[in-house]
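The next block holds one structure in the form of structure tokens; read it before the comments.
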Amino acid sequence: MSLPVVFLVLFSAALLAAGEIRYSEIRSDDRTIIPFDEFGFTHRGQLELNVTQLSLSGPAPDPSTLSKVGFFLCTRDAWIHVLQQIEDSEINCALGSDAVQKVFTFDRLPNPTTSEFNFLYPETDANQYTLVFANCLPQLKVSMNVRSAMYNLEGGKSNRRDYLSIGKTVLPRVYFLFSLVYFILAAVWINILYKKRLTVFRIHFFMLAVVLLKTLNLLCEAEDKSYIKRTGSAHGWDVLFYIFSFLKGITLFSLIVLIGTGWSFLKPYLQDKEKKVLMIVIPLQVVANIAQVVIDETGPYGQDWVTWKQVFLLVDVVCCCAVLFPIVWSIKNLREAARTDGKAAVNLMKLTLFRQYYIVVICYIYFTRVVVYALETITSYKYLWTSIVAGELATLAFYVFTGYKFKPEAHNPYFAVDDDEEEAAAEQLKLEDEFEL
Ligand SMILES: *[C@@H]1O[C@H](CO)[C@@H](O)[C@H](O)[C@H]1NC(C)=O
């Protein structure tokens, strides 16, 4: 896929549904349960429902039975309880359970032909809720356009609205702080490049580009989240954010591959198989980014959410495995070279560096994928931001490690080795061979 097409896809997907105020269209739907959105309320939360173009089709329902059709809020624990109640035949409709908070049932419509209504529901019980629509009349089909906005009121008298879930409300500040840190990193790196300009390779400029893209990416994410926090919609910052995410994703994975191959500081060219890895990783990153946009914008109850989530996970796993190959190849080559060309110490230094890099890449991947996900699952909805901070800290550590270990060196290691070190290194390599390490 060419780059303009990708941007077009990213752009149009972002325009579809931007922000935390959601617009959903329901057309002739007879599902018993339609989940909408999840939100963490403080004790000053509010839910705003605006329903338009409402029409009920099917055999004309008795107005009194319409109490079995409507919106409710429900926590995860309460939902498990409701399912249990339904299984035990205590109730036959989720709206009949006392564990859910009824927001609006259709028997409250002024008359059956009403086609629109607005409703404001104050939520004083702080918790994480899902907004759900239930339709327990088997033959009734519902069509409607729903605008749902969930927010918390903050401040004393000003009653400002905060459209970010309680666990995410500090995110704009978090992202902004991290973007500052990366900005400083970029400045430090430029300084290093200038001071060591005689030993700078092309890869070092590439690393600078990755750090700058990461800075811009975080800055846009901070701005995006802060707009959503204040207004409930993203005002186009999400588009910039997705564009920088996309560029950052591609450059970061390429950088890991290029460093893994030793390109530009060990050798000036790429082998065919190394190029193939890049040719696999880059298009997969394009797919991963499109999947990410769809996942973010449709919310967990969108029709294709699960499919895209699976696509994203699969592609991500493949990318993560693919970037490890070049490092393994380099380690193998360096061991061969150490045995044959008689410069054991120099090669051992490089070998150690590449082995460390291999382990750090694995730790980075494992931490940002598995540990962050686990944290997200186990932390309370109020502290959702902690898993994001953990992930960003791991990423930061990875960037700093990579920069530190592969920075331009003023001293050529070839001249810095004396005979003792050479002997010791040769000895170690021999030992390693014996134990097949
Ligand atoms: C939606 O409903 C709320 C609550 O009744 C109302 O204050 C608001 O103006 C409505 N918004 C729109 C866009 O109709």
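The values are calculated or read from the model by the stated rules, or taken from the named source; none is laboratory data. Treat the numbers as computed from the prediction; the structure is a model and nothing was measured. Methodologically, a virtual Cβ is constructed for each residue, glycine included, from the backbone with ideal geometry; neighbour enumeration extends over all protein chains shown. Remember, those area values only see protein heavy atoms, side chains included, never the ligands or the DNA or RNA. Shrake-Rupley method; radii C 1.70, N 1.55, O 1.52, S 1.80 Å.
Evaluate the following for CYS93: is it over 12 Å from VAL51 (Cα atoms), away from the ligand (no atom under 16 Å from the Cβ) and open to solvent by 20 Å² or more (accessible area, probe 1.4 Å)? Can you show your working first?
Numbers: over 12 Å from VAL51 (Cα atoms): yes; away from the ligand (no atom under 16 Å from the Cβ): yes; open to solvent by 20 Å² or more (accessible area, probe 1.4 Å): no.
So CYS93 fails the test.
For region 224-240, the set of residues classified as crowded, with 21+ Cβ neighbours inside 10 Å and at pLDDT 90 or above consists of ASP224, LYS225, ILE228, LYS229, listed by residue number.
The residues of region 106-121 that are within 13 Å of the ligand (Cβ to nearest atom) and open to solvent by 80 Å² or more (accessible area, probe 1.4 Å), listed by number, are GLU116, ASN118, LEU120.
The numbered conditions (1) open to solvent by 70 Å² or more (accessible area, probe 1.4 Å); (2) within 14 Å of the ligand (Cβ to nearest atom) are all true for LYS102 except (2).
Regarding LEU284, is this residue without any contact (Cβ under 8 Å) to a residue 60 or more places away in the chain, within 17 Å of PHE406 (Cα to Cα) and either acidic (Asp, Glu) or assigned to a helix (DSSP H, G or I) (or both)?
Numbers: without any contact (Cβ under 8 Å) to a residue 60 or more places away in the chain: yes; within 17 Å of PHE406 (Cα to Cα): no; either acidic (Asp, Glu) or assigned to a helix (DSSP H, G or I) (or both): yes.
Taking the combined requirement at face value, the residue does not satisfy it.
Residues in region 45-62 that are within 16 Å of the ligand (Cβ to nearest atom) and on the phi < 0 side of the Ramachandran plot: GLY45, GLN46, LEU47, GLU48, LEU49, ASN50, VAL51, THR52, LEU54. Inspection of region 344-364 identifies no residue that is open to solvent by 70 Å² or more (accessible area, probe 1.4 Å), more than 30 Å from GLU423 (Cβ to Cβ), in a helix (DSSP H, G or I) and at pLDDT below 90.
Scanning region 367-396 for residues that are open to solvent by 50 Å² or more (accessible area, probe 1.4 Å), more than 27 Å from THR42 (Cβ to Cβ), among the hydrophobic types (A, V, I, L, M, F, W, C) and in contact (Cβ under 8 Å) with a residue 12 or more places away in the chain yields a single hit, PHE367.
Is there a residue in region 138-159 that is open to solvent by 30 Å² or more (accessible area, probe 1.4 Å), among the aromatic types (Phe, Trp, Tyr) and within 14 Å of the ligand (Cβ to nearest atom)? Checked region 138-159: no residue is open to solvent by 30 Å² or more (accessible area, probe 1.4 Å), among the aromatic types (Phe, Trp, Tyr) and within 14 Å of the ligand (Cβ to nearest atom). Do we find that THR124 is within 16 Å of the ligand (Cβ to nearest atom) and over 16 Å from ARG230 (Cα atoms) in this structure? So THR124 does not fit the description; no. Tell me yes or no: at least one residue of region 67-76 is free of Cβ contacts under 8 Å to residues at least 24 places away in the same chain and within 16 Å of the ligand (Cβ to nearest atom). No.
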